[in-house]
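Have a look at the structure below, then the notes.
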Amino acid sequence: MVPFGRTAAIFDVDDSLLDGNAGTIFTWYLYSEKVMRPEMRSRIPRLIYEYARHRLTEQDMVEVGSRCQQGLGADDLRAHAHRCFERHLRRRITSGAIRQIRKHLLSGHFVAIASGSSQYIVDEVGRHLRVHAAVGTRTRIVDGRATDQIVPPVVFRDGKRDAVEALADKLDLDLSRSFLYSDSAADVPLFEAVGNPVVVNPKPPFRDVARRRGWEIVEWKERSRPGAEPDLADEWGSWGG
């Protein structure tokens, strides 16, 4: 018997599964709690300024989100990721994503989430949703502490496709019969690798691309906890991934 029938369902995290960006909010949390090293913390406002003026790319900011953890203990990062998830992310999971994840789990599919955000915060989302795998951007750990060295690939654009393809090869999953749910034009390489692309909450330019290519479009706007109020993390916007 082949596990999962060789079919996978891959869910992007930011601005689709979540109402918001997990990596941005985790970085904001580490910044606001003064957990980052002072020299890194002092750089964050400037980096956001440069990104807002299109002097840094989305991939640059994805890498910043992981590198800002330099010097922090891996166990401490796991604990901070758990607190950040409970305080700021759990309320943001969309009801549409929950329904679709449950549908795939009940169908016996292999369900994974994949995001350019830090592996620590992606793990928390994955544990809560009880998916089979959580793929995020990892930094090298030396003597129990995070370094600024990213373990390839950065899970963004071609790097996300590479990470998902490696997972599929390892588990003998057939991407040609698998599903991808994402809002991001950066995920076009991965959309092209799966047999069932589903575009979630696309912004107008990407919505047009999805329509031209005949990709299904869905809207997941409602949070699973509709009574929850926005918090200060909303002010940080979205860095993509």
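The values are calculated or read from the model by the stated rules, or taken from the named source; none is laboratory data. Everything numeric here is computed off the predicted structure, so don't read it as measured data. Cβ: placed from backbone, ideal geometry, glycine included. Neighbour counts: every protein chain shown.
The table for this structure:
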| quantity | calculated |
| --- | --- |
| Enumeration of residues in the range 11-40 that are in contact with an Asp or Glu (Cβ under 9 Å, 6 or more places away or on another chain), more than 23 Å from Ala146 (Cα to Cα) and outside any helix (DSSP H, G or I) | Asp12, Asp19, Gly20 |
| Failed item, numbered, when Ala210 is tested on (1) assigned to a loop (DSSP other than H, G, I, E, B); (2) at pLDDT 95 or above | (1) |
| The one condition in (1) of a type in the set (Asp, Glu); (2) part of a strand (DSSP E or B); (3) within 25 Å of Ile217 (Cβ to Cβ) that Asp148 fails to fulfil | (3) |
| Those helices (runs of 4 or more DSSP H) lying entirely in the range 41-124 with at least 1 residues modelled with pLDDT of 95 or more and closer than 20 Å to Arg145 by Cα | 74-84 |
| In the range 151-167, the residues that are in a loop (DSSP other than H, G, I, E, B), in contact (Cβ under 8 Å) with a residue 24 or more places away in the chain and either over 27 Å from Ile93 (Cα atoms) or out of contact with any Pro (no Cβ under 7 Å at 6 or more places or on another chain) (or both) | Val154, Val155, Phe156 |
| Residue within the range 56-67 that is surrounded by 17 or more Cβ atoms within 10 Å (Cβ to Cβ), of a type in the set (Asp, Glu) and closer than 27 Å to Ala166 by Cβ present | yes |
| Selection status of Glu33, farther than 19 Å from Val125 by Cα, loosely packed, with under 14 Cβ neighbours inside 10 Å, touching a residue at least 12 places away in the same chain (Cβ under 8 Å) and of a type in the set (D, E, K, R) | yes |
| Any chance Arg92 is under 14 Å from the mean Cα position of the chain (by Cα) and not hydrophobic (A, V, I, L, M, F, W, C) | yes |
| Those residues of the range 125-140 which are surrounded by 22 or more Cβ atoms within 10 Å (Cβ to Cβ), of a type outside the set (Gly, Ala, Ser) and either in contact (Cβ under 8 Å) with a residue 40 or more places away in the chain or part of a helix (DSSP H, G or I) (or both), in sequence order | Val125, Thr137, Thr139 |
| The listed residue being crowded, with 19+ Cβ neighbours inside 10 Å, in contact (Cβ under 8 Å) with a residue 24 or more places away in the chain and hydrophobic (A, V, I, L, M, F, W, C), out of Val200, Val209, Val218 | Val200 |
| The range 168-197, residues that are free of Cβ contacts under 8 Å to residues at least 60 places away in the same chain and surrounded by 15 or more Cβ atoms within 10 Å (Cβ to Cβ) | Ala185, Val188, Pro189, Phe191, Ala193, Asn196, Pro197 |
